[in-house]
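These notes concern the structure reproduced below.
Taken together, the values in this text are just the output of simple stated rules run on the coordinates, not laboratory data. Since the structure is predicted, the reported quantities are computational estimates derived from the model, not experimental observations. FYI the Cβ positions are ideal-geometry reconstructions off the backbone, even for glycines, and counts take in every protein chain you see.
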Amino acid sequence: MSEADPSARAAAADTLAQRYGRKRARPRSRWRAWAFGVVAVIVSIAIALLAYRNLGSSPISAQRVGFAERPGHSMEITIDVERDQPAREAVCIVRVSDANKAESGRKEVYVPPGEEGARIRTVIQSATRPVTADVFGCSYSVPEYLSRR
């Protein structure tokens, strides 16, 4: 069979078609495309909501303003607390670290209802000599034993 002979090509194609069957043209189904599009939109919305919830601005945050070592393995820390609902009480966890950067003390600090921004000062006891203090985090979920209601 020569490559230039079209009748030989047609005969070979017929022989292959008899042996294996002819290819059927697959009808394009539009419902699959629509279903894929709907699923893609739903997944995209879910990812956007999760990202907003986890990466968006937090309703309450605190920032360390200063700290100073006190006698007896303790340290005083001053924090500024910013919150979106000043009428609600809150709690912040502050901690101190030793020279090895290991946490050596921790304390829950009650933040009373009041203004949007509050400055809180507290003293944290440490197991070893503290070298720094920081804020671990804040929440509106105040434990019952810490609440002043």
Problem - For residue 111, distant residues with modelled amide H under 5 Å away - result: 90, 91, 92
Handout entry: Using alpha-carbon coordinates, inclination of helix 30-55 to the longest axis of the chain, degrees
Key = 10
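Determine the relative contact order of region 60-139: mean sequence separation of Cα pairs under 8 Å and six or more apart, normalised by residue count, in whole percent. Could the numbers behind the result be given before it?
Working: 209 pairs, mean separation 32.0, N = 80.
Relative contact order here is 40 percent.
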Handout entry: Top positive-direction residue, dipole computed over region 60-139 with Cβ charges, set 90, 123, 109
Key = 123
Practice task
Between residue 69 and residue 141, with labels modelled 7 Å along Cα→Cβ, what's the label distance in nm to one decimal, could you check?
Solution key: 3.6
Fill in the blank from the handout: Note to self: Kirkwood Rh of region 27-114, Cα pairs, one decimal, Å, is 17.5
Fill in the blank from the handout: Sequence order, region 85-94: Karplus ³J(HN,Hα) from phi using 6.51 cos²θ - 1.76 cosθ + 1.60, θ = phi - 60°, Hz rounded, Gly and Pro as x, gives 10, x, 6, 9, 6, 9, 9, 10, 9, 10
Practice task
For region 104-116, just list the computed ³J(HN,Hα) in residue order, Karplus coefficients 6.51, -1.76 and 1.60, θ = phi - 60°, integers in Hz, with x standing in for Gly and Pro.
Solution key: 10, x, 8, 8, 8, 10, 6, 10, x, x, x, 6, 4
Exercise for the section: Place the peptides 62-72, 41-51 in order of packing, highest mean first, counting for every residue the other Cβ atoms within 10 Å and averaging per peptide. Expected result: 62-72, 41-51
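Could you work out the per residue convex hull volume over the alpha carbons of the chain, in cubic angstrom?
Details: hull volume 47.8 nm³, N = 149.
In the chain, the Cα hull volume divided by residue count equals 321 Å³.
Which chymotrypsin sites (Phe, Trp or Tyr not before Pro) in region 72-149 sit in a loop by DSSP (not H, G, I, E or B) and have at most 16 other Cβ atoms within 10 Å of their own Cβ? Don't skip to the end; give the middle numbers.
Numbers: sites: 110, 136, 140, 145; in loops: 140, 145.
Loop-located and lightly packed - 140, 145.
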Problem - For residue 132, distant residues with modelled amide H under 5 Å away - result: 97
